[in-house]
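Reviewing the structure listed below.
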Amino acid sequence: MSTLLPFDDASARRIARTYTTPDIVGQREHTLAALDLAPGERVLDVGTGPGQLLAAIADRVGPDGLAHGVDPSPAMAAMARQRCADRPGVTVTDGGVDGPGSLPDGPFDVVVSTQVLEYVADIPAALAEIHRVLRPGGRVLLLDTDWDSVVWQVRDRERHARVLTAWEAHLVDPRLPRTLGPALRAAGFDAVRVDVVPLLNTAYARDTYSAGIAEMIAAFVPGRDGLTRADADAWLADVRDRDDYFFSLNRYAFRAVRP
Ligand SMILES: C[S@@+](CC[C@H](N)C(=O)[O-])C[C@H]1O[C@@H](n2cnc3c(N)ncnc32)[C@H](O)[C@@H]1O
């Protein structure tokens, strides 16, 4: 059984759908406001995924700028290429942030990576590589989830805890944000700042982040930690089929500068 979430065609389509919900549109607006991009800037989006953020970056930096997306998943990179096909100044290449030399050389004015580093095994190496490809004075924005921040109304709390523990295997570090500040400073970045980006759903609706992630969790956990398909279905019904629906989760957006 694979441990990490496979970013194949099926999961790329699922993720792309979730990323059109007002919740994640709002998260992208937060990211774009924090990036404060200017026309002509050169931006690298690491782990660009379905490319919605990359397209918005391209619109802000304009034809004189550069929006370069990289992603190791062929399904994700293909989606990003297709989404940005009619935008000048957009490049999407296969690859990711791993060891030295894994990213395009740049230099870039800005590197952004949202919901990606939590899937990466060697964070110091990834941050060193991001530092390498930024110009002096260049900015970085990293956004990741802390899965300890999830609040979900359920009847069966014991099963819920087992399901969320099994779900943690979908990434490398489900609690990355609490160590990212010190890691950025250790990698040589200055002016490290962090904002919390909360997601909140108080009603179950298909067009929400939590509806999408609940389906992904229910698809991922059977066969892990003794959970069956029936357990996953019962958990899904528990979170979904209720009048007092409540979900919230925190993401954390770190900004820093290469001196
Ligand atoms: C949850 S998606 C986020 C996509 C996009 N950044 C966004 O927020 O819309 C995670 C993405 O990270 C990519 N990824 C996984 N490991 C990576 C690595 N080592 N370097 C770069 N991207 C990676 C996956 O292929 C996937 O597209």
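Some observations on this one:
- Among A85, A75, G96 - extreme Cα towards positive end, dipole of the stretch 60-101, charges at beta-carbon: A85
- Whole-Hz couplings from phi, Karplus 6.51/-1.76/1.60, listed for the stretch 22-29; x for Gly and Pro: x, 4, 7, 4, x, 4, 5, 5
- Report summary: the helix-based calculation at 222 nm, which adds -39500 (n - 2.57) for every DSSP H run with n ≥ 4 and divides by the residues of the chain, gives -11500 deg cm²/dmol.
- As a fraction of the 1.4 Å probe accessible area of the chain, surface on carbon and sulfur atoms comes out at 53 percent.
- This model, with +1 at the C-beta of Lys and Arg and -1 at the C-beta of Asp and Glu, gives the chain a dipole about its Cα centre of some 220 debye.
- Using R0 = 25 Å, the C-beta based FRET efficiency linking D94 and R13 works out to 0.85.
- Dipole size of the stretch 55-131 about its Cα centre, with +1 on Lys/Arg Cβ and -1 on Asp/Glu Cβ: approximately 280 debye, rounded to the nearest 20.
- Placing a label point 7 Å from the Cα of A186 along the Cα-to-Cβ direction, the residues of the stretch 115-145 with a backbone N closer than 12 Å are 122-128.
- More than 22 angstrom apart: percent of Cα pairs within the stretch 140-259: 42 percent
- Surface analysis of the chain yields an accessible area of 43 Å² per residue, using protein heavy atoms and a 1.4 Å probe.
- For R206 and T165, the difference between the fully extended length at 0.36 nm per residue and the C-alpha to C-alpha distance is 12.3 nm.
- For D105, solvent-accessible area (1.4 Å; no DNA, RNA or ligand), Å²: 100 Å²
- Ranking of R81, R240, R178, R251 by solvent-accessible surface, largest first: R178, R81, R240, R251 (1.4 Å probe, protein heavy atoms only, all chains present).
- Sites E29 and E158 - FRET efficiency at Förster radius 45 Å, r taken between beta-carbons, to 0.05: 0.75
The values are calculated or read from the model by the stated rules, or taken from the named source; none is laboratory data. Quick caveat: nothing in here was measured; it's all calculated off a predicted structure. When we count neighbours, we look across all protein chains shown, and the Cβ atoms used for this are built from the backbone with ideal geometry, even at glycine. Surface accessibility is based on the protein's heavy atoms, side chains included, excluding ligands, DNA and RNA. Shrake-Rupley method; radii C 1.70, N 1.55, O 1.52, S 1.80 Å.
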